[in-house]
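Down below is the structure, laid out as structure tokens.
The values are calculated or read from the model by the stated rules, or taken from the named source; none is laboratory data. The shown structure was predicted, so the numbers you read here are calculated from the model rather than taken from an experiment. Cβ atoms come from the backbone with ideal geometry, glycine included; neighbour counts cover every protein chain shown. Ligands, DNA and RNA are excluded from the accessible area calculation, which covers all protein heavy atoms including side chains. Shrake-Rupley method; radii C 1.70, N 1.55, O 1.52, S 1.80 Å.
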Amino acid sequence: MFFKLKYLLAILFVLNIVMYAKINAEAKNVYMEALREILNVAPADKEKAANSYTEDEKPDVEFNMKDMKFLNLTLKDSIIFALKNNYDIRISKMDPMIKDKDITAAKSVFDPILKITGETEDSEVPSNSQLQIGFGGQLSDFRRDRNTLNATTEKLLETGATFTLGFILEQQFLDPSPFAFFNPFATSSIEAKVTQPLLKNAGIFYNRSNIYIARNDKKRSILELKETAIDVINSAQKAYWELVKAIEELRVRRKSLERAEDLLKKNKIQVEVGTLAPIELLVAEEGVARQLEGVVVAENDIKDREDDLKQVMNLSNNAVLSDVSIVPLDRASFQVRDVSIEESIKIALENRPEVFEQGLDIENTRIKVKQQKNQLLPRLDFEAGIRYDGLAANKGNAIDSAFSQDFQSEFFGVTLEVPIGNREARSNYSKAKLEEKQTVFNTRKVEQEVVVEVRKAVRQVKTNVERIKASKKAEGLSRSRLEAEEKKFNVGRSTSLEIIRAQADLAVSEGRATNAIVDYQISLGNLDAVLGTILEKNNIIIEDTGT
């Protein structure tokens, strides 16, 4: 039985060392490559849309055009630049790297530990023992010189067992040494033992639980990266369409200015020929001045909207692009999208990263509950081991003596430890259960918030559809009114003031019609963000292919 036990211990130790070496060999130099795959946030069809500078603070988009004054962008281009350059994305990308280190740290508890100590002792002590100093008949000193080397390898197994392999080599010189066969002499000892917890700290789940938690934390960081990407995409599409809206507003204002200038030109001709009172010329000039003010305000608004889009894309501080005018190539279009509140709520709960984050939080709290429940148990450890001793006149022969297995010892032991009261463990267990309930409640809260956001987003889409229909009708009526006033003015039945009012009303109606279509596009993008599907809609892939 003892012969089998010693070989079983040796095989168990070798297997654990081999497994540890294999794991580290596979993990070496793989981490960074795998993480680049995980965090490569780019549309599948436009992965090479932008190149990286060597400096982290510079945008990842390189422009080779010299003296560039205009930058043509599609909505997809804006989204790509935002995902490549936005600081929020860059910050979120670091979290999975940090969490990956936490996983490695959690696994490190199973790494073997090698401990080597050396000790030298030279002592002279008084002795009255005849066994030590002989039969001299008087008090004398006893001298002992000792050199000791102690090497121990210890490894924690996933079951909670601790495997220990120890080696001790000691050389001594005694003076006097009346009864010693060898002087100096050397002793050696080889010991292997396993200590297995049976209750507290026992089990594969308990000993790997911190690894499970660390892995869930990394998954959560990937979900948070997705959440950030959704916010950035939504901000980019909103900023893009706001710029489109500002440009359309300028177009409407310039068109209104043209109408006012055309009226002023006609009034000048009629005043010169004496068919129109001079007061009408002043009214027309006032109308031109008002429309000109609107053009100036609209031009300034375009610059503001450009800065907002550049900020989202992290181009606002770029020396080349800070003063470049952005020309959006996409135009807002109106195509009714059928949306249902019930179906949208279902989609959002199945896709929103926040919901999955809460699921991981619940799982982690339940793991912690099981951890603390284990700590309520008393400690009951079983220990078994084998030891070989050797003795000789020198170190080499002492080592050979130990490996000869002539002097063998086997030992077994059981340790029982019962904490009286156990208040710390009971308090930690109760705390873990409360945190689990708290996380469940927080999940319900997040789901409720998602439902409310979906309802608002769906209503906004439907509202903008009705706005488009109403504003189009109002635009047509305003145009008809202006045409009618112009006809009346030509026959002397209206005034320049009435035409200017009709022109202003038409400009407002045209602006509202244009804004309604752009707002509809913004609301559709916002709905995709609220549903958690905006990444898929833009072919953005963010996934975890690591450990």
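How big is the equivalent ellipsoid of the stretch 194-260 along its three axes, where each semi-axis is √(5λ) from the Cα gyration tensor, reported in whole Å from largest to smallest?
Values: eigenvalues 817, 6, 3 Å².
The answer is 64, 6, 4 Å, longest axis first.
Of the accessible area of the stretch 292-393, with the probe set at 1.4 angstrom, what percent is carbon plus sulfur?
Ligands and nucleic acids excluded, carbon and sulfur reach 50 percent.
The peptide list 108-118, 448-458, put in order of mean Cβ contacts within 10 Å with the highest first, becomes 448-458, 108-118.
In the context of the full set of protein chains, the stretch 166-316 has a per residue accessible area of 48 Å² (1.4 Å probe). Both the radius of gyration and Dmax for the stretch 455-507 are 16.1, 54 Å, in that order, over alpha-carbon atoms. Per-residue 3J(HN,Hα) values for the stretch 519-531, derived from phi via the Karplus relation 6.51 cos²θ - 1.76 cosθ + 1.60 with θ = phi - 60°, read 4, 5, 5, 5, 5, 5, x, 5, 5, 4, 5, 5, 6 Hz in sequence order (x marks Gly and Pro). Peptide packing: for 71-83, 191-203, the average count of neighbouring Cβ atoms within 10 Å per residue gives the ranking 71-83, 191-203, highest mean first. Shown in residue order for the stretch 149-156 are the 3J(HN,Hα) couplings computed by the Karplus curve 6.51 cos²θ - 1.76 cosθ + 1.60 at θ = phi - 60°: 10, 10, 10, 9, 10, 10, 9, 8 Hz (x for Gly and Pro).
Take the Cα of residue 362, go 7 Å toward its beta carbon, and the backbone nitrogen atoms of the stretch 421-464 under 14 Å from that spot belong to 436-448.
So for the stretch 247-401, what percent of the C-alpha to C-alpha distances run longer than 19 Å? That fraction is 81 percent.
Provide the per residue accessible area, probe 1.4 Å, for the stretch 434-482, rounded to a whole number of square angstrom.
Details: 3200 Å² over 49 residues.
Normalised by residue count, the accessible surface of the stretch 434-482 is 65 Å².
Using a probe radius of 1.4 angstrom, the carbon and sulfur fraction of the accessible surface of the stretch 420-479 is 51%.
The aspartates and glutamates within cross-link reach of residue 487, meaning a Cα-to-Cα straight distance under 19 Å and a gap of 8 or more places when in the same chain, are 258, 261, 262, 280, 475, 498, 505. Hydrodynamic radius of the stretch 251-326 by the Kirkwood approach over all distinct alpha-carbon pairs: 14.8 Å. Note on residue 226: lysines with a C-alpha under 17 Å away, same-chain residues under 8 apart excluded, are 84, 93, 99, 218, 537.
Computed 3J(HN,Hα) for the stretch 377-386, one whole-Hz value per residue from the Karplus formula 6.51 cos²θ - 1.76 cosθ + 1.60 where θ = phi - 60°, is 6, x, 8, 9, 10, 10, 10, 9, x, 9, glycine and proline marked x.
Here's how it looks for residue 71: its modeled amide H is under 5 Å from those of 325, 326, 327, which are all 5 or more places away or on a different chain.
Computed packing ranks the peptides 468-477, 433-442, 207-216 as 207-216, 468-477, 433-442, most packed first, by mean other Cβ atoms within 10 Å. Expressed as a whole percent, the proportion of Cα-Cα pairs in the stretch 369-496 lying more than 20 Å apart is 79%.
Can you give me the orientation-averaged projected area of the convex hull built on the Cα atoms of the stretch 297-369, in nm²? Before the final figure, lay out each step's value.
Values: hull surface 40.6 nm².
About 10.1 nm², averaged over all directions.
For the stretch 366-442, the Kirkwood radius over C-alpha pairs fed into Stokes-Einstein at 37 °C and 0.692 mPa s yields D = 197 µm² per second.
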